[in-house]
1. Name every residue in region 287-308 that is part of a loop (DSSP other than H, G, I, E, B) and either of a type in the set (Lys, Arg) or within 15 Å of the chain's Cα centre (by Cα) (or both), in order of residue number.
2. If you scan region 59-77, which residues turn out to be crowded, with 18+ Cβ neighbours inside 10 Å, touching a Lys or Arg at 6+ places or on another chain (Cβ under 7 Å) and under 25 Å from Thr286 (Cα atoms)?
3. Restricting attention to region 265-286, which residues are closer than 22 Å to His97 by Cα, assigned to a strand (DSSP E or B) and either of a type outside the set (Ser, Thr, Tyr) or touching a Gly at 6+ places or on another chain (Cβ under 7 Å) (or both)?
4. Name the residues in region 247-268 that are more than 19 Å from the chain's Cα centre (by Cα) and β-branched (Val, Ile, Thr), would you?
5. Would you please list the contacts, defined by Cβ atoms under 6 Å and residues six or more apart or on different chains, that run from a residue in region 70-98 that is more than 18 Å from Gly297 (Cβ to Cβ) to a residue that is of a type in the set (D, E, K, R)?
6. Kindly indicate whether any position in region 226-240 is modelled with pLDDT of 95 or more, part of a loop (DSSP other than H, G, I, E, B), surrounded by 22 or more Cβ atoms within 10 Å (Cβ to Cβ) and more than 18 Å from the chain's Cα centre (by Cα).
7. Considering only residues of region 190-206 that are acidic (Asp, Glu) and more than 16 Å from the chain's Cα centre (by Cα), which is nearest to Arg222 (Cα to Cα)?
8. Got a number for residues in region 97-112 being part of a strand (DSSP E or B) and either in contact with an Asp or Glu (Cβ under 6 Å, 6 or more places away or on another chain) or surrounded by fewer than 20 Cβ atoms within 10 Å (Cβ to Cβ) (or both)?
Amino acid sequence: MQRLTEPPVQSHCSAHLELAPCPARRYGSERVRRALTSNRRSAPTEGFRVSDDTQTRGSFVRVALEPKLTSVGGLTVRRALPRIRCRNVGPFVFLDHMGPTVLAPGQRADVLPHPHIGLATLSFLFDGALRHRDSLGSDQIIAPGDVNWMVAGRGIVHSERTPMSTLQAGQTVHGLQLWVALPDAEENCEPRFEHYAARALPSLERPGVQVNLLVGEGFGLRSPVTVLSPTLYAQAMLEQDRQLTLPDTPELAIYLIDGTLIVGSETFTAPQLVVFESRVTQASVTAHTRCHFVVLGGSPVGPRLMDWNFVASSQERIEQAKRNWNDRRFPTIPGDDDEFVPLPGA
């Protein structure tokens, strides 16, 4: 794992909203289940194994971490990456588990305009909706099962706000946002934003098992999301006692959202980030109870520094980004430029 400077857990908004407990035996909303099965196909046999066998192998877990609780933009968040004992998993350097946060009718959760460099953000919702806008002019509602993929490159500004369409009735917001560090050759690339509807993302199902491949290749599937280095990100849902063999990748982890999972000779209960030993092969997991988790990993991109919302291979890039944001030299978001998150300590 590469060395990163761990950012402080901080909030852009002081409001504290109710944290809805993850239901004990549920995968997420029926809305996201319907969306994610719209592109379903039968599972190929290669790279995918399902059985009722609950035999476990010797432990191949390097570390297991409970996320830290914080609040961002009015959403209660569990932050799993980065941590002192695990700075990254492959190219992934940041993982926030948002909610479930209950928003009453008329109540908003807004992450104000803020900048990024040197990374790609990956947003995925299980419930609710958020409106993404950025300095490229993108304006996109993300719904359960969709993927928003934003490559910051040399610099981008974006916001995440409650859509007007959900204000009257209220909503529950529940999802994940991850950051992927860009490889050296792409750190200063042109920024871009891509949205992938749930129906465009490959999935497969066998009795008691559902897998949705969101980014990369694995389980005999390939995602259409255009990554810049080897990256794996998938969602899995297992009924009790079902087993799943994971793809081989240089670095691998599971973030357990709901349920209890057997990994090797150990048992883990949500929420936890379970990080595997490097280059483990043919790793399998078994659901002790009904489980919902994501699989993440890939190849590390090299040593990275992290400071606030900036990721870079050099301190010089980060310091320049700080100056640019503090001096208001980043581009603005069309129609959303009245507010912004100030540089911490400025």
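1. Kept after step one, since they are part of a loop (DSSP other than H, G, I, E, B), are these residues of region 287-308: 288-290, 299-304, 308.
Residues satisfying the conditions are Arg290, Arg304.
2. Leu65, Pro67
3. Going through region 265-286, the residues closer than 22 Å to His97 by Cα turn out to be 267-276, 285.
Subset that is assigned to a strand (DSSP E or B): 267-269, 272-276, 285.
The answer is Phe268, Gln272, Leu273, Val274, Val275, Phe276, Val285.
4. Of everything in region 247-268, those that are more than 19 Å from the chain's Cα centre (by Cα) and β-branched (Val, Ile, Thr) turn out to be Thr260, Ile262, Val263, Thr267.
5. From region 70-98, the pairs are Thr70/Arg79; Gly73/Asp110; Val77/Asp96; Arg79/Lys68; Arg79/Asp96.
6. No, region 226-240 contains no residue that is modelled with pLDDT of 95 or more, part of a loop (DSSP other than H, G, I, E, B), surrounded by 22 or more Cβ atoms within 10 Å (Cβ to Cβ) and more than 18 Å from the chain's Cα centre (by Cα).
7. Taking region 190-206 as the starting set, the residues that turn out to be acidic (Asp, Glu) are 190, 194, 205.
Pick out the ones that are also more than 16 Å from the chain's Cα centre (by Cα) and you get 190, 205.
Values: Glu190: 25, Glu205: 15 Å.
Only one residue tops the list, namely Glu205.
8. Initially, region 97-112 is screened for residues part of a strand (DSSP E or B), giving 97-103, 111-112.
If we keep only those that are either in contact with an Asp or Glu (Cβ under 6 Å, 6 or more places away or on another chain) or surrounded by fewer than 20 Cβ atoms within 10 Å (Cβ to Cβ) (or both) as well, we get 102, 111-112.
Counting residues in region 97-112 that are part of a strand (DSSP E or B) and either in contact with an Asp or Glu (Cβ under 6 Å, 6 or more places away or on another chain) or surrounded by fewer than 20 Cβ atoms within 10 Å (Cβ to Cβ) (or both) gives 3.
The values are calculated or read from the model by the stated rules, or taken from the named source; none is laboratory data. Given the structure is predicted, the values throughout are model-derived calculations rather than measurements. Glycine gets a Cβ as well: all are built from the backbone with ideal geometry, and neighbour counts include every protein chain shown.
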